[in-house]
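Report on one structure; see the data block that follows.
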Amino acid sequence: MTTYPRRSPLQAIRVFCVECQGDSFQGVSECADTACPFHPYRHGTALSKGGHRPIGTIKRYCHEYCQGGVIVGSYEVKDCGGDKAALGPCPVFPFRLGMNPNISEETREKHRQRVLHLDPLGLNLSQNSLNHTPFDAPESTERGAG
């Protein structure tokens, strides 16, 4: 089993692109393959105008472009060995299923629970916040006529 260094999804895409360009950083900068899903992330930086989803991009790449450009199903991607023949281990392999392996299941569950306790307006509906609603008016501080 191949071990992979701990990288962020953006770092993994950057390493992938450098390897794709024959270990040439200049080749990455000059890459003209705008059809490649990694092209916007090739410098290892987040997109500036929203739509920043590097893990989703890796998952899409693995489904649509890996295996010689043949669209593959979830089983093929899941069973992928992560090796690129003579090129060695694939840098984006750990993210191929659309999840970040650097995040523990415990942290994922905490995030899920936090999201489940939000109403559609983004207000926290957890047990701690149910005792007080942000719309309760404070006690009247006006003085009576006298």
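Couple of notes before you dig in:
- All positions within the stretch 45-77 that are modelled with pLDDT under 70 and not in a helix (DSSP H, G or I): Gln67, Gly68, Gly69, Val70, Ile71, Val72, Gly73
- Residue count for the stretch 1-42, restricted to those that are hydrophobic (A, V, I, L, M, F, W, C) and assigned to a loop (DSSP other than H, G, I, E, B): 6
The values are calculated or read from the model by the stated rules, or taken from the named source; none is laboratory data. Model, not experiment: these values are computed from the prediction.
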